[in-house]
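Peer 1: Quick one: this structure, given as structure tokens, is what I'll be asking you about.
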Amino acid sequence: MNQTIPVFSFDDPPIRIGHGYDLHRLEPLAPLGSGKPLVVGGVGVPQDSDRPIGPAAHSDGDALLHALTDAILGAVALPDIGQLFPDGDPANKNGDSARFLAEAVRLMRAAGWRLANVDLTVLLQAPKLSQHKIAIRERIAPMLDLPVDRVNLKGKTGEHIGPVGEARAIEAHAVVLLVRAQ
Ligand SMILES: [Zn+2]
């Protein structure tokens, strides 16, 4: 890897920041509702509940990968995930969201950028993500060609209030830093 430090210029700074956000409504899994099995950052999250819930979505409903995809696209000022992968497109039905992320990374690289680090936050009332955090970071890091210590994940609840706290929604935020590839 080239270790040269990019030359800083206020006219064309060699860094970019991006933020992504996503929310999915949570519903009982089929046949009780239209929820799909809960997947966070490409990792299936099991639930002890006798009434498991999951995201209502056209794709697999992976809010974390959707937020991360949008953060990368946003940093490069490219069209967002909804524009690149429309809900109405049958090709995206039940789609593996890793495909969306891979395309965003491809477009980012084609535009001359590489990732420095990503910082992710998931808001979910239950189940707790703490025991899945390492697995999620280890799943995402190779998709970004980053070491795990540059892919951070924080899990929070909704404190039993609002859509997240009442287990009616999952939310995710992603912040990414890009550095110009030499
Ligand atoms: Zn989404």
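The values are calculated or read from the model by the stated rules, or taken from the named source; none is laboratory data. The model shown is predicted, which means the values in this text are computed figures rather than measured ones. FYI the Cβ positions are ideal-geometry reconstructions off the backbone, even for glycines, and counts take in every protein chain you see. Each accessible area value is taken on the protein alone, full model and side chains, heavy atoms only, with ligands, DNA and RNA left out. Shrake-Rupley method; radii C 1.70, N 1.55, O 1.52, S 1.80 Å.
Peer 1: When the helix-only estimate is applied to the chain (DSSP H runs of n ≥ 4, each -39,500 (n - 2.57), divided by the residue count), what is the mean residue ellipticity at 222 nm, nearest 500 deg cm²/dmol? Kindly include the intermediate steps, with their values, before the conclusion.
Peer 2: Values: 5 runs with 46 residues, N = 182.
Theoretical 222 nm ellipticity from helices: -7000 deg cm²/dmol.
Peer 1: Okay, moving on. Would you grab the residues whose amide H sits under 5 Å from the one on residue 42? Only those 5+ places off in sequence or on another chain, please, with H modelled 1.01 Å from N.
Peer 2: Counting only residues 5 or more places away or on other chains, the set is 65.
Peer 1: Hey, what do the phi angles of segment 111-119 turn into as Karplus ³J(HN,Hα) couplings, whole Hz, using 6.51/-1.76/1.60 and θ = phi - 60°, x for Gly and Pro?
Peer 2: Ordered by residue, 3J(HN,Hα) equals 7, x, 10, 9, 7, 8, 7, 10, 10 Hz.
Peer 1: Let me ask something additional. Determine the shape class of segment 86-157: with a ≥ b ≥ c the square roots of the Cα gyration tensor eigenvalues, call it rounded for a/c under 1.5, and otherwise prolate if a/b is greater than b/c, oblate otherwise.
Peer 2: Working: a/c = 2.37, a/b = 1.18, b/c = 2.00.
Since a/c reaches 1.5 but b/c is at least a/b, the shape of segment 86-157 is classed as oblate.
Peer 1: Turning to a different aspect of this structure: From the mean inverse distance of alpha carbon pairs (Kirkwood) and the Cα radius of gyration, derive Rg over Rh for the chain. Before the final figure, lay out each step's value.
Peer 2: Numbers: Rg = 17.0 Å, Rh = 16.9 Å.
Across the chain, the Cα-based Rg/Rh ratio is 1.00.
Peer 1: Using a simple charge model, +1 on the beta-carbon of Lys and Arg, -1 on the beta-carbon of Asp and Glu, nothing else, what dipole does the chain show about its Cα centre, in debye to the nearest 20? Don't skip to the end; give the middle numbers.
Peer 2: Numbers: 18 positive and 21 negative charges, 70 e Å.
Charge dipole, the chain, about its Cα centre: 340 debye, nearest 20.
Peer 1: Now, a different point. Just the accessible area per residue of segment 135-182, please: how many Å² with a 1.4 Å probe? Display every interim value, and only then the final one.
Peer 2: Values: 2500 Å² over 48 residues.
Solvent-accessible surface per residue comes out at 52 Å².
Peer 1: Then there is this: Putting +1 on Lys and Arg Cβ atoms and -1 on Asp and Glu Cβ atoms, find which of 77, 57, 23 reaches farthest to the positive end of the dipole of segment 1-84.
Peer 2: 57
Peer 1: Could the peptides 22-28, 138-144 be put in order, highest first, of the mean number of other beta-carbon atoms found within 10 Å of their residues? Can you show the working numbers first?
Peer 2: On the way: 22-28: 19.4, 138-144: 17.3.
So the order, starting with the most tightly packed, is 22-28, 138-144.
Peer 1: Rank by packing, highest mean first: peptides 39-48, 74-83, 171-180, with packing defined as the count of other Cβ atoms within 10 Å averaged across residues.
Peer 2: Working: 39-48: 18.0, 74-83: 16.0, 171-180: 20.7.
Ranked by mean Cβ neighbours within 10 Å, highest first: 171-180, 39-48, 74-83.
Peer 1: Please calculate how many Å² of accessible area segment 1-94 carries per residue, with a 1.4 Å probe and no DNA, RNA or ligand atoms counted.
Peer 2: Values: 5230 Å² over 94 residues.
Per residue, segment 1-94 has an accessible area of 56 Å².
Peer 1: Work out the charge dipole of the chain with +1 on the Cβ of Lys and Arg and -1 on the Cβ of Asp and Glu about the Cα centre, then indicate which of 169, 152, 98 is farthest towards its positive end.
Peer 2: Most positive-ward Cα: 152.
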